[in-house]
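Single-structure report; data block below.
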Number of protein chains: 2
Amino acid sequence: MPQNTRSTQQRRLIMELMEGNYSHPTADEVYELARAKEPRISRGTVYRNLNLLSDENKIRRLSMPIGPDHFDCNTDNHYHFLCHACFHVFDTNIKYKESLNADPAGMPGFKTEWHRLILVGLCPECAAKEKKGT
Amino acid sequence: MPQNTRSTQQRRLIMELMEGNYSHPTADEVYELARAKEPRISRGTVYRNLNLLSDENKIRRLSMPIGPDHFDCNTDNHYHFLCHACFHVFDTNIKYKESLNADPAGMPGFKTEWHRLILVGLCPECAAKEKKGT
DNA sequence: GTAACTGCAAACACTTTGCGAAGCA
DNA sequence: TGCTTCGCAAAGTGTTTGCAGTTAC
């Protein structure tokens, strides 16, 4: 990260697109949204800004067991559900377990900084489609 | 997956390398191990066989929030710790929560098939190095 | 003025895939 | 014999990076 970050048009646009966007978009989805408003914006700029905003904790990067990373405007600790059919990401109601970041029992010396819990399966819509198809 | 899978030299070699190997190697590490015994083996073959063996549940694919996938000869459900300095993967002693695969409370319609919990931080060795460096 | 940032394109890391030859059942 | 698998190389996906020009402060 540079010492002084600046407020550029592109950065403001990307932050605006993320604010209040609870769809957990991928970098490419943000790129498409951004391009609709600012056609000259480049993919590199979107990636760079998403990385910078994550580093500044203004958004959260969500790495998935399948496919590209997603980004979340909600930086509160919470867990996600990934549908392996439509690849949408959903928030879960599972309570965040702060205790998992404490030294895991029986693993002295390990310093946990963060943890990731992801459920993978089918969302209601895709589960219904699956049923119909069978 | 094909209807009938065969027992080839390469597949047997890769399975042998995985059996009793608790170091959670990446595909590339398996490739290097395999090449030491069978120099003509190709990367594609290693990837194909690791995928096939995972599909057959003879090994387990571990997707990490950083870096390439790892593979585990232990197919029992358990959780892992990733050191973000040396990128080694360790088994944790955290009890597997079967209940997370039940319908998450308050999320009717979602069908969870599996879940992944990964702790990220520093292993004892890298934590010690970090301390020294500071 | 100058460090931070941009667009662009090339490079990168990891993985999959198309093909013709070889091998297992 | 016929389907599976192989080695090889090329392509695919998602992301980062070097560069020369531009912009914020």
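Any read-out appearing in this document is the output of simple, stated calculations on the displayed coordinates, not a laboratory observation. These numbers were taken from a predicted model, which means no experiment stands behind them. Every residue, glycine among them, receives a Cβ derived from its backbone with ideal geometry; neighbour counts consider all protein chains shown.
Between this copy and the others, label points of B:H78 are 3.3 nm apart in ascending order, each placed 7 angstrom from Cα in the Cβ direction. Scanning chain B for chymotrypsin sites (Phe, Trp or Tyr not before Pro) in DSSP loops with at most 14 neighbouring Cβ atoms within 10 Å leaves B:23-95 as the longest stretch between them. Residues with beta-carbon under 12 Å from that of B:C86, excluding B:C86: net charge, scoring Lys, Arg +1 and Asp, Glu -1? Surrounding charge for B:C86 is -1. Per-residue ellipticity at 222 nm from helix content only, as computed over the protein assembly as shown with -39500 (n - 2.57) for each DSSP H run of at least four residues, stands at -10000 deg cm²/dmol.
May I ask for the net charge around A:R6, where only other residues with Cβ less than 13 Å from the Cβ of A:R6 are counted and Lys, Arg are +1 while Asp, Glu are -1?
Working: positive: A:R11, A:R12, A:R48; negative: A:E56.
Here the count lands on +2.
Residues B:S54, B:S42, arranged from fewest to most other Cβ atoms within 10 angstrom of their Cβ, appear as B:S42, B:S54.
Across the copies of the chain, A:E113 has label points (7 Å from Cα along Cα→Cβ) spaced 3.2 nm apart, shortest distance listed first. Label-point spacing at B:K95 relative to the other copies reads 1.5 nm, in ascending order, each point sitting 7 Å out from Cα along Cα→Cβ. For the rotational copies A and B, the chain A residue with its Cβ nearest the relating axis, together with that separation in Å, is A:L117, 2. Compactness check for region B:1-75: Cα Rg over 2.2 N^0.38 Å is 1.02. Largest first and in whole Å, the equivalent-ellipsoid semi-axes of chain B read 28, 25, 11, each the square root of five times a Cα gyration tensor eigenvalue. Taking other residues whose beta carbon is less than 11 angstrom from the beta carbon of A:V46, and scoring Lys, Arg as +1 and Asp, Glu as -1, yields 0.
Largest first and in whole Å, give the semi-axes of the protein assembly as shown's equivalent ellipsoid, each being the square root of 5 times a Cα gyration tensor eigenvalue. Don't skip to the answer; put the middle values down first.
Details: eigenvalues 217, 124, 94 Å².
They are 33, 25, 22 Å, listed from largest to smallest.
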